[in-house]
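Undergrad: I'd like to ask some things about the structure below.
The values are calculated or read from the model by the stated rules, or taken from the named source; none is laboratory data. Because the structure is predicted, anything quoted here is derived from the model rather than measured. Reconstructed Cβ throughout: ideal geometry from the backbone, glycine too, with neighbour counts over all protein chains shown. For the accessible areas, the whole protein counts, side chains as well, though only heavy atoms, and no ligand, DNA or RNA atoms are used. Shrake-Rupley method; radii C 1.70, N 1.55, O 1.52, S 1.80 Å.
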Amino acid sequence: MISVEQLTVEFGGSPLFDEISFLVNPKDKIALVGKNGAGKTTLLRIFSGKQTPTRGKLTIPKDLTIGYLPQHMIHNEGTTVMQEAEKAFEHITGLQAEIEQINIDLAERTDYESEDYHRLIDKLTHTNEHLQIIGNGNFQGEIEKTLIGLGFLRSDFDRPCREFSGGWRMRIELAKILLLSPDVLLLDEPTNHLDIESIQWLENFLTTTNSAILLVSHDRAFIDAVTTRTIEISLGKIYDYNVNYSKYLILRKERHDQQVRAYENQQKLIQETEDFIDRFRSKATKAIQVQSRIKSLEKIVRLEVDLEDNSHLSLKFPPAPRSGSIPVEIEHLSKAYGDHLILDNIGIIINRGEKVAFVGKNGEGKSTLVKCIMNEIEYAGILKLGHNVKIGYFAQNQASMLDENRTVFETIDYVAVGDVRTKIRDILGAFMFGGEASDKKVQVLSGGERSRLAMIRLLLEPVNLLILDEPTNHLDMRSKDVLKDAIKAFNGTVIVVSHDREFLDGLVTKVYEFGNKKVREHMGGIYDFLKYKKMDSLRELEISNSLKSVQDVADKTISDSKLDYEARKEHNKKIRKAEKAVEAIEQLISKSESEIAEMDKQLELPEKASDSEYIQLYQRKKRELEQKVYEWELLSEELENLNI
């Protein structure tokens, strides 16, 4: 489908890619991996047409459609969320408008036998055929389903895009790209601005889409679930593995070990040759042999291998000063912004040494509660910090508080104490500040680099309560592992606000779920929580809320001042009909969920897991369930409107 042949990209005379070649086939799900700066984003930009290579050939069929989500972009202004999402279907609305105009033109004309009239008829036929081919269905429903899947509420649809943060506006762009259903999806860190539920929705979407995917992500669980092929970029070359990320790591280690052995053997041969040349250069009797060795040395193709290996590097926190047995105790806490209630009468107790996660959809109060703990905002209720609690807090704005006149090294050296000071350069290297990067001034760093530097500085300060708000967004996988190991070894208390399941796995022992203005405690790790959520799904919660609203509708009487008796009678009839429709679709949803749950169990059996017909049936059942849920949403909305 897409062919890359002998592609070379150079910056300042140094090659980023050196004559790389590979193919992207239809429906390929490819993870692009490699160190920061290896060229992953550059390769996506070349595929999207936003950058040209220095040399080489990139062959893309003319009719191939490509959707590209960059890490950073300029967002459109002056539109609502729905209007912006509808731009994904401009090609359809354009054809519909063209057909409408042709029909108007034909209605006004009387020269039925003229050549021009017949040309219009042909154009109308071809345009209609084109519209049928690309799809002329209910794209409004697709837009709503996609926006809701990415975390938007129906009440958000008519809000101006400018009211949303950069992260939410990236979700709008992602929705537009997914709705386009392009042949190839280029996604650069798509999960950075998503919560766990939205990531799971996107994960399900990408695993079932027919589009080919090239994905850059530091979320290990996400790329493992979505991709089946891994292309590593290293030292200007690519290494193509037809396996997912976890299996790639095993194969990569084997390849790396082979490379190291080959490199060491070659270095030994080179050294022996150079020693021979130096020893006998001045002896006439050895002149022929010396010249032969010199020529053979010149012909050697020098092997390169990434010998840097920080896999055993461990970052240790300074010992945490001992705090009281309960560092954080919350009772009957509520918080509202004006009339908008965020948290309602919540209670939490976090014990000394616990490592807990705050999870939930964006806007459900996670960061608000953190600000309450930090005493940055006012609230109602009781919030007590234990004796001698010293908080280390990481948030995005921490980066703006760095001294811009210091270098990267000086910033860390200023707060480092004890044995850590001897390992500053190793630590900086693990967090992508190796070599000359450690001598950069803070003022020239990007936003992501500043965030990483603020994280390192925080981790070296003597605290006993760490509060980390999305700490992994700008870290590669190796740096995340270093950070995770450091937090696991930390003997203080930790609160992590994160959507990164792989990072939270094995790190936290308790999960606090934020939703519907409440906070719910779940004992166990993040995957225990996710397993529970699949049994106690959000859909079940939505259905129970729908039943409650149905009861509210049944109990409500309509004012005589608005409707007379006959009108009320007719209105109540519509309500009862809507109630029955909602109840009927809920029964169908419940039945479908039971069938799928049973099929899930069957798929654990090897004979079923390898049965292609059974898998197709399973996927069809899931699609049917999605359609039923969408119908339920429409019917519930209709019922709500009747209640207004």
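Undergrad: When you look at Glu173, is it open to solvent by 10 Å² or more (accessible area, probe 1.4 Å), in contact with a strand residue (DSSP E or B) (Cβ under 7 Å, 6 or more places away or on another chain) and assigned to a helix (DSSP H, G or I), yes or no? Let's see the steps before the verdict.
TA: Numbers: open to solvent by 10 Å² or more (accessible area, probe 1.4 Å): yes; in contact with a strand residue (DSSP E or B) (Cβ under 7 Å, 6 or more places away or on another chain): yes; assigned to a helix (DSSP H, G or I): yes.
The answer is yes for Glu173.
Undergrad: Name the residue, out of Ser544, Ser594, Ser590, Ser559, that is open to solvent by 40 Å² or more (accessible area, probe 1.4 Å), among the small types (Gly, Ala, Ser), assigned to a helix (DSSP H, G or I) and modelled with pLDDT under 50. Explain how you work it out, then say what you get.
TA: Numbers: Ser594 fails: modelled with pLDDT under 50; Ser590 fails: modelled with pLDDT under 50; Ser559 fails: assigned to a helix (DSSP H, G or I).
It is Ser544.
Undergrad: Also, I was wondering about something else. Hey, can you tell me all the residues within the stretch 1-49 that are touching a helix residue (DSSP H, G or I) at 6+ places or on another chain (Cβ under 9 Å), of a type in the set (D, E, K, R) and open to solvent by less than 70 Å² (accessible area, probe 1.4 Å)?
TA: Lys29
Undergrad: Another question, then. Consider the stretch 240-259. How many of its residues are modelled with pLDDT under 90 and either part of a strand (DSSP E or B) or more than 23 Å from Asp481 (Cα to Cα) (or both)?
TA: Residues flagged as modelled with pLDDT under 90 and either part of a strand (DSSP E or B) or more than 23 Å from Asp481 (Cα to Cα) (or both) within the stretch 240-259 amount to 2.
Undergrad: Considering only residues that are hydrophobic (A, V, I, L, M, F, W, C) and over 22 Å from Pro321 (Cβ atoms), which ones fall in the stretch 493-506?
TA: Taking the stretch 493-506 and keeping what is hydrophobic (A, V, I, L, M, F, W, C), we get 494-497, 503-504.
Val497, Phe503, Leu504 - these are the residues of the stretch 493-506 that are hydrophobic (A, V, I, L, M, F, W, C) and over 22 Å from Pro321 (Cβ atoms).
Undergrad: Being more than 30 Å from Val226 (Cα to Cα), open to solvent by 90 Å² or more (accessible area, probe 1.4 Å) and free of Cβ contacts under 8 Å to residues at least 12 places away in the same chain: is that true of Glu272 here? Show your work before the answer.
TA: Working: more than 30 Å from Val226 (Cα to Cα): yes; open to solvent by 90 Å² or more (accessible area, probe 1.4 Å): yes; free of Cβ contacts under 8 Å to residues at least 12 places away in the same chain: yes.
It is true that Glu272 is more than 30 Å from Val226 (Cα to Cα), open to solvent by 90 Å² or more (accessible area, probe 1.4 Å) and free of Cβ contacts under 8 Å to residues at least 12 places away in the same chain.
Undergrad: For the stretch 475-500, what are the residues that are assigned to a helix (DSSP H, G or I) and either aliphatic (A, V, I, L, M) or open to solvent by 10 Å² or more (accessible area, probe 1.4 Å) (or both)? Don't jump to the end; show me each part of the working.
TA: Going through the stretch 475-500, the residues assigned to a helix (DSSP H, G or I) turn out to be 477-489.
Result: Met477, Arg478, Lys480, Asp481, Val482, Leu483, Lys484, Asp485, Ala486, Ile487, Lys488, Ala489.
Undergrad: So how many residues does the stretch 326-359 have that are open to solvent by 10 Å² or more (accessible area, probe 1.4 Å) and touching an Asp or Glu at 6+ places or on another chain (Cβ under 7 Å)? Working first, answer last.
TA: Of all residues in the stretch 326-359, those open to solvent by 10 Å² or more (accessible area, probe 1.4 Å) come to 326, 329, 331-332, 334-342, 344-345, 347, 349, 351-355.
From what's left, touching an Asp or Glu at 6+ places or on another chain (Cβ under 7 Å): 334, 347, 349.
Matching residues across the stretch 326-359 total 3.
Undergrad: Determine which single condition Leu186 fails, assuming it passes every other condition in (1) under 12 Å from Ala31 (Cα atoms); (2) open to solvent by less than 10 Å² (accessible area, probe 1.4 Å); (3) part of a helix (DSSP H, G or I).
TA: With (1) under 12 Å from Ala31 (Cα atoms); (2) open to solvent by less than 10 Å² (accessible area, probe 1.4 Å); (3) part of a helix (DSSP H, G or I) applied to Leu186, the lone miss is (3).
Undergrad: Continuing with the same structure: Checking Phe431 against (1) open to solvent by less than 30 Å² (accessible area, probe 1.4 Å); (2) modelled with pLDDT under 80; (3) in contact with a Gly (Cβ under 7 Å, 6 or more places away or on another chain), only one condition comes out false. Which one?
TA: (3)
Undergrad: Tell me whether the stretch 370-383 contains one or more residues that are over 30 Å from Met523 (Cα atoms) and out of contact with any helix residue (DSSP H, G or I) (no Cβ under 6 Å at 6 or more places or on another chain). I'd like the intermediate steps shown before the answer.
TA: First, pick out the residues of the stretch 370-383 that are over 30 Å from Met523 (Cα atoms): none.
Scanning the stretch 370-383 turns up no residue that is over 30 Å from Met523 (Cα atoms) and out of contact with any helix residue (DSSP H, G or I) (no Cβ under 6 Å at 6 or more places or on another chain).
Undergrad: For the stretch 484-499, indicate whether the set of residues that are on the phi > 0 side of the Ramachandran plot and modelled with pLDDT of 50 or more is non-empty. Break it down stepwise before answering.
TA: Initial filter on the stretch 484-499 (on the phi > 0 side of the Ramachandran plot): none.
So far as the stretch 484-499 goes, no, none of its residues is on the phi > 0 side of the Ramachandran plot and modelled with pLDDT of 50 or more.
Undergrad: Please go through the stretch 21-55 and give me each residue that is closer than 20 Å to Ala212 by Cα and part of a strand (DSSP E or B), ordered by number.
TA: Ser21, Phe22, Leu23, Val24, Lys29, Ile30, Ala31, Leu32, Val33
Undergrad: Hey, can you tell me all the residues within the stretch 231-242 that are open to solvent by 30 Å² or more (accessible area, probe 1.4 Å) and free of Cβ contacts under 8 Å to residues at least 40 places away in the same chain?
TA: Selection gives Tyr239, Asn242.
Undergrad: Continuing with this model, one more query. Got a sec? Which of Thr228, Thr207, Thr285 is over 20 Å from Gly39 (Cβ atoms), open to solvent by 40 Å² or more (accessible area, probe 1.4 Å), of a type outside the set (D, E, K, R) and touching a helix residue (DSSP H, G or I) at 6+ places or on another chain (Cβ under 7 Å)?
TA: Values: Thr228 fails: touching a helix residue (DSSP H, G or I) at 6+ places or on another chain (Cβ under 7 Å); Thr285 fails: touching a helix residue (DSSP H, G or I) at 6+ places or on another chain (Cβ under 7 Å).
Every option except Thr207 fails the conditions.
Undergrad: Would you check if there is a residue in the stretch 213-222 being within 16 Å of Ala85 (Cβ to Cβ) and open to solvent by 10 Å² or more (accessible area, probe 1.4 Å)?
TA: No: zero hits.
Undergrad: So which residues in the stretch 360-410 are open to solvent by less than 60 Å² (accessible area, probe 1.4 Å), assigned to a helix (DSSP H, G or I), of a type outside the set (A, V, I, L, M, F, W, C) and more than 13 Å from Ile342 (Cα to Cα)?
TA: Listed by number, the list holds a single entry, Gln398.
Undergrad: Report, by residue number, each residue of the stretch 416-428 that is open to solvent by less than 30 Å² (accessible area, probe 1.4 Å) and farther than 15 Å from Val482 by Cα.
TA: Listed by number, the list holds a single entry, Ala416.
Undergrad: Restrict the check to the stretch 138-148 and report whether at least one residue is modelled with pLDDT under 80, closer than 20 Å to Ser211 by Cβ and either of a type in the set (D, E, K, R) or open to solvent by 30 Å² or more (accessible area, probe 1.4 Å) (or both).
TA: yes
Undergrad: What are the residues in the stretch 254-269 that are of a type in the set (D, E, K, R) and either within 18 Å of Lys299 (Cβ to Cβ) or in contact (Cβ under 8 Å) with a residue 40 or more places away in the chain (or both), if any? Walk me through it before giving the result.
TA: Of all residues in the stretch 254-269, those of a type in the set (D, E, K, R) come to 254-255, 257, 261, 264, 268.
The one that is of a type in the set (D, E, K, R) and either within 18 Å of Lys299 (Cβ to Cβ) or in contact (Cβ under 8 Å) with a residue 40 or more places away in the chain (or both): Lys268.
Undergrad: For residues that are touching a Phe, Trp or Tyr at 6+ places or on another chain (Cβ under 7 Å) and assigned to a helix (DSSP H, G or I), scanning just the stretch 192-238, find the one that is farthest from Glu502 (Cα to Cα).
TA: Applying the filter and picking the extreme gives Glu203.
Undergrad: Determine if the stretch 458-466 includes at least one residue that is modelled with pLDDT of 75 or more, open to solvent by less than 20 Å² (accessible area, probe 1.4 Å), assigned to a helix (DSSP H, G or I) and under 18 Å from Lys35 (Cα atoms). So that I can check it myself, show each step before the final result.
TA: Just the residues of the stretch 458-466 that are modelled with pLDDT of 75 or more, to begin with: 458-466.
Among the residues that remain, those that are also open to solvent by less than 20 Å² (accessible area, probe 1.4 Å) are: 458-460, 463-466.
Now narrow it down to the ones that are assigned to a helix (DSSP H, G or I): 458-459.
From what is left, the residues that are under 18 Å from Lys35 (Cα atoms) are none.
Looking for residues that are modelled with pLDDT of 75 or more, open to solvent by less than 20 Å² (accessible area, probe 1.4 Å), assigned to a helix (DSSP H, G or I) and under 18 Å from Lys35 (Cα atoms), one finds none in the stretch 458-466, hence no.
Undergrad: From Leu251, Leu206, grab the single residue that is free of Cβ contacts under 8 Å to residues at least 12 places away in the same chain and in contact with a strand residue (DSSP E or B) (Cβ under 8 Å, 6 or more places away or on another chain). Spell out the reasoning first.
TA: On the way: Leu206 fails: free of Cβ contacts under 8 Å to residues at least 12 places away in the same chain.
From the options Leu251, Leu206, the qualifying one is Leu251.
Undergrad: Within the stretch 87-107, can one find any residue that is among the basic types (Lys, Arg), modelled with pLDDT of 75 or more and part of a loop (DSSP other than H, G, I, E, B)?
TA: We begin by selecting, within the stretch 87-107, every residue among the basic types (Lys, Arg); these are 87.
Still in the running and modelled with pLDDT of 75 or more: 87.
Keeping just the survivors that are part of a loop (DSSP other than H, G, I, E, B) gives none.
No, the stretch 87-107 has no match at all.
Undergrad: A follow-up question, please. Residues in the stretch 415-428 that are touching a helix residue (DSSP H, G or I) at 6+ places or on another chain (Cβ under 8 Å) and of a type outside the set (A, V, I, L, M): how many? Working first, answer last.
TA: Residues of the stretch 415-428 touching a helix residue (DSSP H, G or I) at 6+ places or on another chain (Cβ under 8 Å): 415-416, 420-421, 424-425, 427-428.
Among the residues that remain, those that are also of a type outside the set (A, V, I, L, M) are: 421, 425.
Going through the stretch 415-428 one residue at a time, the tally reaches 2.
Undergrad: Another question about this same structure. If you check Thr52 against the conditions, is it open to solvent by 30 Å² or more (accessible area, probe 1.4 Å) and over 19 Å from the mean Cα position of the chain (by Cα)? Before the answer, list the steps.
TA: Values: open to solvent by 30 Å² or more (accessible area, probe 1.4 Å): yes; over 19 Å from the mean Cα position of the chain (by Cα): yes.
When the stated conditions are applied, Thr52 passes them.
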